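Here's the structure, in structure tokens; my notes come after.
What follows is calculated from the coordinates using simple rules that are stated; it is not laboratory data. Here the structure is a predicted model, which means the values were calculated and not measured. A quick note on method: Cβ atoms are made from the backbone with ideal geometry, for glycine too, and the neighbour counts reach across all protein chains shown.
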Amino acid sequence: MLKQELNEQLTQVGPGTPMGELLRRYWYPVAFVRELDEWPIKKVRLLGENFALWKQPSGRYGIMQEWCPHRRASMVYGVVEEEGLRCGYHGWLFDEGGQCLDQPAEPEGSTFAGRVKAFAGKAEEMGGMVWAYIGPDPAPELPRFDVYVDDGFKDCGWTVLPCNWLQIMENSVDPHHVEWLHGRYFKFLGEQQGFLAPPGFQKKHLKVAFDDMEWGILKRRVLEGNSEENDDWAVGHPLVFPYCMRVGGAGIEQMQIRVPIDDTHTWVAFYSSHQPPGMETFPEQVYPVDYEFEWLDDNGEHIVDYIEGQDIMAWVTQGDINDRTAEHLGKSDIGVIQLRKMFREQMALVAEGKDPTVGFTREKHDRIGLPCEKDKFGVDYTEFALSWISGGSGRYSPAMDTIKKLYLEAAALRGDTSWSVARADELIENSAAEVARRKRLAAQAER
Amino acid sequence: MTGGRPTHDGAPRASSTLPAPRFRRDPQWSNHVEVEAPVADRRLSGGHWWDPDRIAHVSDAPNHCPACGSGLDGPGSLAVEYWQGDDRTFHTRCGECGWSGDITKIDRMIGHEAPHD
């Protein structure tokens, strides 16, 4: 249970709010590089504010307030030039720092342009995405997490959800939901609809722990049949403060990203770098594969026969902003409490004019490695990877077949001869993904 | 999205000043009529059926840090209620002195029985 005022402080992300000020100390992915290469300007809504993001011919990026300081037309309908972004309405030109450089209709010799400065943030490219910082100067370093900079086959499913980002983050420190939402509930659906739900997710949690760390909260679990020797406990995986979770297993290296668009909308992305053990070279990519995945069907009902769809059902049905004044927490919710405490500590630091101390760095670096299990739930690597792909949002990836072959090739490279295309296809044939695909085809045929 | 449908008591649904959510729809199989609840409507008003429970939970929450006496509503402070068996506990953190710990409300002290030899 939280008091109403505290729930509001924890969930409001706009400028001038305590949480909004904390969140403005971090970098966020706001576009794919692919998008800016297809059209060099994109409208971005981040933390309750609108921006125009653009890519200059030199390859540099800029991000500034959406509305032109002149007559408030949208800069999204502007002209990209060598020096910056020019408003489409009267031609005022702004550089990456927001300084007005040119006002074509003003009299010759006017110094007016020198006195006009728009709000501008900073934008950089990493891992095939464009990252933005809209907080106060000096900007911290963009954390170069392993998933984004290591070699691997990159695949990213994304969507926009109509709910506050915090309820999604709280799910990341709630390990018990795995054995129920992705275990018992998934199995129940499978029994009803004729598919095999991934058994690894059905194991009972015997013990969970949460450790504060430099980048967030490290989450550990011991599952029935396993011990503290298993990676799930010995290594664990972290919530990456304040808006991500690092997760994976069996060579799937994933960052789950939850960018607060505003108080009631969140851009959710599952950014995966596939690095099956045994494989050192990966198919060449110009950009990561990116695709929007579905979570509501044609009737407006939640699609719950895949892992992330089940999570989304839980996040979205909590309401646009979860009313925590009516919740009833138990001992199994201590991770959620620990996260709220971390947010409160960090909000107070920023309110005092200090830097956050979690998930934040001013040190230059090439790569930040995060702990993450390889042996996940004690399940065979290839089986886990194929279950993840076919039982998760990966089923919507246009590269699903390529990824499947990657894991089979890696199994062969490791000398594991128990896997073949036929065995993999049999596993997928019985998975929720295949049953869902057959249902979609049947529905299309009926129409 | 769901406008025009009656509320539980059959009265016409009050129109919201907020835009309709873009995605959320009632499941077709559901017999639950979901009342649109803009954020502002969730504040304690005494008019919601769940308000007495919320008031009860808040009424005896610790207001001050047990270590330094500072208010627990200030920056960096927190008091979150959770249950462990019969115990109703508030996990607390004080933004002023940094003290953090559990405060459990008890009705009576219960001790153990001394061993008989």
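Looking at the range A:6-104, the GluC sites (Glu not before Pro) that sit in a DSSP loop and have at most 10 other Cβ atoms within 10 Å of their own Cβ are A:82. If R0 is 22 Å, the Cβ-Cβ spacing of residue A:227 and residue A:380 corresponds to a FRET efficiency of close to 0.80. A full extension of the chain between residue A:282 and residue A:212 corresponds to an added length of 21.8 nm, given 0.36 nm per residue minus the alpha carbon distance. Past the 15 angstrom mark, what percentage of all C-alpha to C-alpha distances in the range B:44-105 do you count? Cα-Cα pairs in the range B:44-105 separated by more than 15 Å: 53 percent. Distance from the alpha carbon centroid of the range A:317-339 to that of the range A:381-447 works out to 35 angstrom. Note on chain A: dipole from Cβ charges, positive end direction compared against A:346, A:134, A:223; the farthest Cα belongs to A:346.
Between amide H atoms placed 1.01 Å from N, distances below 5 Å from residue A:126 occur with A:131, all of them 5 or more places distant or on a separate chain. Counting only Cβ charges, +1 for Lys and Arg and -1 for Asp and Glu, the dipole size of the range A:288-389 around its Cα centre is about 960 debye. Under 5 Å between amide hydrogens, built in the peptide plane, is the criterion, and for residue A:213 it picks out A:218 among residues at least 5 positions away or on other chains. Each residue of the range B:58-65 was assigned a 3J(HN,Hα) from its phi angle through the Karplus curve 6.51 cos²θ - 1.76 cosθ + 1.60 (θ = phi - 60°); the sequence is 8, 4, 10, 5, x, 9, 10, 5 Hz, with glycine and proline shown as x. In this calculation the C-beta distance from residue A:191 to residue B:56 is compared with R0 = 41 Å, giving a FRET efficiency of 0.55.
P(r) tail for chain A: Cα pairs beyond 42 Å make up 18% of the total. For the residue pairs A:187/A:404; A:341/A:404; A:55/A:364; A:187/A:207, alpha carbon separations beyond 30 Å are given by A:341/A:404. Note on residue B:113 and residue B:68: the extension gain reaches 12.7 nm, defined as 0.36 nm multiplied by sequence separation minus the Cα-Cα distance. When only Cα pairs below 8 angstrom with a gap of at least 6 residues are kept, the range A:98-138 shows a relative contact order of 32 percent. When Rg and the Kirkwood Rh are both derived from Cα coordinates, the Rg/Rh ratio for the range A:27-133 amounts to 0.97. Remark: mean inter-chain Cβ contacts per residue of B:70-83 equal 6, using a 10 Å Cβ-Cβ cutoff to other protein chain atoms. Relative to the current alpha-carbon distance between residue A:416 and residue A:301, full extension at 0.36 nm per residue lengthens the span by 37.3 nm. The phi torsions of the range A:35-40, fed into the Karplus equation with coefficients 6.51, -1.76 and 1.60 and a -60° offset, translate into couplings of 4, 6, 6, 7, 8, x Hz, rounded to whole numbers, with Gly and Pro shown as x. Net charge dipole, the protein assembly as shown: roughly 840 debye, given to the nearest 20, about the Cα centre with Cβ charges of +1 for Lys and Arg and -1 for Asp and Glu. For the range B:76-117, the list of trypsin sites (Lys or Arg not before Pro) that fall in a loop by DSSP and count at most 16 other C-beta atoms within 10 angstrom reads B:108. Phi angles across the range B:89-102 convert, under the Karplus curve 6.51 cos²θ - 1.76 cosθ + 1.60 with θ = phi - 60°, into 3J(HN,Hα) values of 10, 10, 7, 10, 9, 9, x, 7, 10, x, 4, 9, x, 9 Hz, Gly and Pro given as x. Between residue A:439 and residue A:125, take the C-beta separation as r, use R0 = 51 Å, and let me know the FRET efficiency to the nearest 0.05. So the FRET efficiency works out to roughly 0.85. For the range A:84-126, a simple Cβ point-charge model (Lys and Arg +1, Asp and Glu -1, everything else neutral) yields a dipole of about 180 debye relative to the Cα centre.
The simple spin-label model puts a point 7 Å past each Cα toward its Cβ; for residue A:99 and residue A:34 those points are separated by 3.7 nm. Under a 10 Å cutoff between Cα atoms, tell me which one of A:382, A:357, A:417 has the largest fluctuation in the Gaussian network model of chain A. The residue that fluctuates most here is A:417.
Under a 5 Å amide H cut-off, with hydrogens placed 1.01 Å from N, residue A:70 pairs with nothing among residues at least 5 apart or on other chains. Which of the three applies to the range A:98-220, rounded, prolate or oblate, going by the alpha-carbon gyration tensor with a ≥ b ≥ c and a/c under 1.5 meaning rounded? Note, shape of the range A:98-220 comes out prolate.
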